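J.: Take a look at this one; I'll ask things after.
The values are calculated or read from the model by the stated rules, or taken from the named source; none is laboratory data. Keep in mind that what you see is a predicted model, and the values were worked out from it rather than measured. All Cβ positions, glycine included, derive from the backbone under ideal geometry; neighbour counts span all protein chains shown.
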Amino acid sequence: MNQYDGLDPNPHAISEGFGARRILQRHDLLAGGMTGREITEAVRSSSLLRVRRDNYALPETDRHTLEAVRVGGRLACVSAAEELGIFSFDSDFTHLHVPRGASRLRSPRFRHVALSAIPRNGVELHWWPFIGPGDGTEYAVGARDALAQIIRCQPRNFALAALDTALHEKAIRSSDLADIFGHVPDKHWELRTLIDARADAGQESVLRQLVRDAGLRCQIQVAIDGVGRVDLVVEGCVVVEADSGAHHKTWAQHVRDRTRDRLLAERGYPSLRVLYQDIFFDPDGVIRAIEELVRICRTGSIRA
């Protein structure tokens, strides 16, 4: 008797059979002891998902991976970046790499329907040749290719945030930048001069570049006596911190930050905490607020 005996296999036993893998092929299931009838019954009972012919997944498998397998590609660009722990802003669409000339591509939603040019049901395809064909996994491209795709595909500041975090988190090395920028059009090369791996988070990178694009001087990760490190000091006098919900879930975290604000005020630094959603959805408003604080800092007067 094997772990899959009977026509109603235990979902837990099936899950154990996957281990760390997200997708198993039919021959993997058969090698694990399931029969063809048991595979069919597991699909009927929703213990298994038939993603593509002879490719199966557990019901809890994430949508992006399912769409990658169903289409016949690998996660790419921001979808691969999310897998790698690199900053990615556009996470709603599934970005996939497929080889040029690939045939038998399928709809991301329906495995029996061919992938049409338009609409693609929220899937973005990337066709460019690989930097590292052997990088990544069977589900996703490697970090170097994901970043080159992000540079071509995403707004400049979002690409900068991805590059900063990739270096900060050691997903790539500085020496990899030559390969990455060697695979993107010349118009993107200026971006390399803006990279700063000291940034702690993607929103901090975007905020930094917004400030500099506004013509304001900006230092990052500045150590202030009695306070600690702050995200940005603008024009030498205004402290700006990029806040997100991930680091402000408890009252203790709010107390810590309010205390920092008080300590900054004692040392003559007006401070501004900028929310993630404002950085990405109201950047002009963020810059107006910073410019006003800089003006007050310089003139010592508040507008009537």
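J.: Kindly provide the set of residues from region 167-211 that are more than 19 Å from GLY142 (Cβ to Cβ), acidic (Asp, Glu) and in contact (Cβ under 8 Å) with a residue 12 or more places away in the chain, ordered by number.
T.: Residues satisfying the conditions are ASP196, ASP200, GLU204.
J.: Residues of region 164-184 being within 17 Å of PRO133 (Cβ to Cβ), in a loop (DSSP other than H, G, I, E, B) and under 19 Å from the mean Cα position of the chain (by Cα), which ones? Spell out the reasoning first.
T.: The first filter runs over region 164-184 and keeps only residues within 17 Å of PRO133 (Cβ to Cβ), leaving 172, 176, 179-180, 182-183.
Next, from what is left, pick out any that are in a loop (DSSP other than H, G, I, E, B): 172, 182-183.
Answer for region 164-184, where residues must be within 17 Å of PRO133 (Cβ to Cβ), in a loop (DSSP other than H, G, I, E, B) and under 19 Å from the mean Cα position of the chain (by Cα): just ILE172.
J.: Ok, one more. Considering each residue of region 223-243, count those that are under 17 Å from ILE290 (Cα atoms) and in contact with a strand residue (DSSP E or B) (Cβ under 6 Å, 6 or more places away or on another chain), and give that number. Show your work before the answer.
T.: Filtering region 223-243 for residues under 17 Å from ILE290 (Cα atoms) gives 230-243.
Then drop every residue that is not in contact with a strand residue (DSSP E or B) (Cβ under 6 Å, 6 or more places away or on another chain), which leaves 230-234, 239-243.
Adding up the residues that qualify gives 10.
J.: Among the residues of region 26-56, how many are in a helix (DSSP H, G or I), free of Cβ contacts under 8 Å to residues at least 24 places away in the same chain and within 35 Å of the chain's Cα centre (by Cα)?
T.: At the first step, the residues of region 26-56 found to be in a helix (DSSP H, G or I) are 26-31, 36-44.
When the remaining residues are screened for being free of Cβ contacts under 8 Å to residues at least 24 places away in the same chain, the result is 28, 30-31, 36, 39-40, 43-44.
Then drop every residue that is not within 35 Å of the chain's Cα centre (by Cα), which leaves 28, 39, 43-44.
Qualifying residue count, region 26-56: 4.
J.: Right, another one. Return the total of residues in region 260-304 being part of a helix (DSSP H, G or I) and at positive phi.
T.: Keep residues of region 260-304 that are part of a helix (DSSP H, G or I), which gives 260-266, 276-281, 283-299.
Within this subset, residues satisfying the condition of being at positive phi are none.
Count: 0.
J.: Here is a further query. Among residues belonging to region 250-304 that are in contact (Cβ under 8 Å) with a residue 60 or more places away in the chain and over 30 Å from ALA159 (Cβ atoms), point out the one that is surrounded by the fewest Cβ atoms within 10 Å (Cβ to Cβ). Give the derivation first.
T.: Looking only at region 250-304, we keep the residues that are in contact (Cβ under 8 Å) with a residue 60 or more places away in the chain, and these are 274, 276, 279-280, 283, 286-287, 290-291, 294, 297-298.
From the residues that got through so far, the ones that are over 30 Å from ALA159 (Cβ atoms) too are 297-298.
Details: CYS297: 16, ARG298: 11.
Restricting to residues being in contact (Cβ under 8 Å) with a residue 60 or more places away in the chain and over 30 Å from ALA159 (Cβ atoms), the top hit is ARG298.
J.: Kindly list the number of the only condition in (1) surrounded by fewer than 24 Cβ atoms within 10 Å (Cβ to Cβ); (2) not assigned by TED's automatic domain parsing to the domain that holds LEU160 that fails for GLU82.
T.: That leaves (2) as the condition not met.
J.: In region 222-239, what count of residues is obtained for those that are in a strand (DSSP E or B) and either surrounded by 14 or more Cβ atoms within 10 Å (Cβ to Cβ) or hydrophobic (A, V, I, L, M, F, W, C) (or both)? It would help to see each step written out before you state the result.
T.: So the first thing to find is which residues in region 222-239 are in a strand (DSSP E or B), and the list is 222-224, 228-234, 238-239.
Subsequent filtering for residues that are either surrounded by 14 or more Cβ atoms within 10 Å (Cβ to Cβ) or hydrophobic (A, V, I, L, M, F, W, C) (or both) retains 222-224, 230-234, 238-239.
Number satisfying all stated conditions: 10.
J.: Next up: When the residues of region 194-203 are narrowed to those that are modelled with pLDDT under 95 and part of a helix (DSSP H, G or I), which ends up surrounded by the fewest Cβ atoms within 10 Å (Cβ to Cβ)?
T.: GLN203
J.: Next question, about the same structure. Is there any pair with a first residue in region 139-154 that is over 20 Å from VAL206 (Cβ atoms) and a second that is hydroxyl-bearing (Ser, Thr, Tyr) whose Cβ atoms are under 6 Å apart and which are 6 or more apart or on different chains, and what are they?
T.: TYR139/THR65
J.: Are there any pairs with C-beta distances below 9 angstrom linking a residue in region 72-99 that is at positive phi to a residue that is surrounded by fewer than 24 Cβ atoms within 10 Å (Cβ to Cβ) and of a type in the set (A, V, I, L, M), with the two at least 6 apart or on different chains, and if so which?
T.: The qualifying pairs are GLY72/VAL98; GLY72/ALA102; GLY72/LEU105; GLY72/LEU115; GLY85/ALA171.
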